[in-house]
1. For segment 115-151, enumerate the residues that are small (Gly, Ala, Ser) and within 20 Å of VAL70 (Cβ to Cβ).
2. What are the residues in segment 143-178 that are surrounded by 24 or more Cβ atoms within 10 Å (Cβ to Cβ) and within 21 Å of ARG39 (Cα to Cα), if any?
3. Filter segment 157-194 down to the residues that are touching a strand residue (DSSP E or B) at 6+ places or on another chain (Cβ under 9 Å) and farther than 18 Å from ALA29 by Cα and list them by number.
4. I'd like the full set of residues that are under 18 Å from GLY144 (Cβ atoms) and either surrounded by fewer than 19 Cβ atoms within 10 Å (Cβ to Cβ) or in contact (Cβ under 8 Å) with a residue 40 or more places away in the chain (or both), limited to segment 98-116.
5. What's the number of the condition SER125 fails, among (1) surrounded by fewer than 23 Cβ atoms within 10 Å (Cβ to Cβ); (2) over 23 Å from ALA21 (Cα atoms)?
6. Of all residues in segment 81-126 being aliphatic (A, V, I, L, M) and assigned to a helix (DSSP H, G or I), which is farthest from LEU48 (Cα to Cα)?
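Every number here is computed from the coordinates shown, using simple stated rules; none is lab data. Because the structure is predicted, anything quoted here is derived from the model rather than measured. Please note: Cβ atoms are built from the backbone with ideal geometry, for glycine as well, and neighbour counts cover all protein chains shown.
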Amino acid sequence: MSDDLRAHISGYLDEAAAICARLDQEAIAKMVAGLVSLRAGNGRLFFLGVGGSAANASHAVNDFRKIANVESYAPTDNVAELTARINDDGWESAYARWLEASRIGPRDAVFVLSVGGGDAERGVSANLVAAIRHARAAGARVYGIVGRDGGYTAQAADACVIVPTLSPHTVTPHTEAFQAVIWHLIVSHPALAANRMKWESIR
């Protein structure tokens, strides 16, 4: 293997280790406590993401429903409704209108997975910004796992973990990878985990 190949691999893994060490554990603990309260109050959890984060949202829905017994949904899991809303109403309002149809309320929460967290001024992930604003107006809580400076999600959230940026060249891969690390940490936390996972139950 060439030195260039080795350098990128070792550098990437060094960054991942450094990110683990710098994660805001208090923010994670605050999310765990909030989600324990949400479940106790029969609230619902709506995962919102775009691109790779939308795929993460679908995975997270599965985990929170199956492992933690938290009623969870993602608008991107229903491609027919999502594309109809985009076609008829526009991309920016698609998630907010979906939350409106779901009658999101004070018992519920949205959980944003995003690299930038949404930026209305620059028109980046404006659908997340509109959805967060709708959730806030409905009295719902907001959580997030985001990158860069956290964008609008970090400003509006009750608790938000910002994945530290160690290199401008690896913001997206590390943020989307650590979304999975962090939500798996949360959903497997003893305060939330209600059901054993398959491989943990096999002896």
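1. Of the residues in segment 115-151, the ones small (Gly, Ala, Ser) are 116-118, 120, 123, 125-126, 130-131, 135, 137-140, 144, 147, 150-151.
Correct list: ALA131, ALA135, ALA138, GLY139, ALA140, GLY144.
2. Here is the first cut: in segment 143-178, the ones surrounded by 24 or more Cβ atoms within 10 Å (Cβ to Cβ) are 143-147, 151-153, 157, 161, 163, 175.
If the condition is that a residue be surrounded by 24 or more Cβ atoms within 10 Å (Cβ to Cβ) and within 21 Å of ARG39 (Cα to Cα), then TYR143, GLY144, ILE145, ALA157, VAL161 are the ones that fit.
3. Scanning segment 157-194 gives THR175, GLU176.
4. Narrowing segment 98-116 to residues under 18 Å from GLY144 (Cβ atoms): 98-99, 104, 108-116.
LEU99, ILE104, ASP108, ALA109, VAL110, PHE111, VAL112, LEU113, SER114, VAL115 - these are the residues of segment 98-116 that are under 18 Å from GLY144 (Cβ atoms) and either surrounded by fewer than 19 Cβ atoms within 10 Å (Cβ to Cβ) or in contact (Cβ under 8 Å) with a residue 40 or more places away in the chain (or both).
5. Of everything listed in (1) surrounded by fewer than 23 Cβ atoms within 10 Å (Cβ to Cβ); (2) over 23 Å from ALA21 (Cα atoms), SER125 misses just condition (1).
6. Narrowing segment 81-126 to residues aliphatic (A, V, I, L, M): 82, 84, 86, 94, 96, 99, 101, 104, 109-110, 112-113, 115, 120, 124, 126.
Next cut, assigned to a helix (DSSP H, G or I) only: 82, 84, 86, 94, 96, 99, 101, 126.
Details: LEU82: 12, ALA84: 17, ILE86: 15, ALA94: 11, ALA96: 10, LEU99: 10, ALA101: 15, ALA126: 12 Å.
By that ranking, first place goes to ALA84.
Residues are listed down the side, and each one gets a yes or a no for (1) within 24 Å of VAL115 (Cβ to Cβ); (2) in a helix (DSSP H, G or I):
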| site | (1), (2) |
| --- | --- |
| GLN155 | yes, yes |
| CYS160 | yes, no |
| PRO173 | yes, yes |
| GLU176 | yes, yes |
| HIS189 | no, no |
| TRP199 | no, yes |
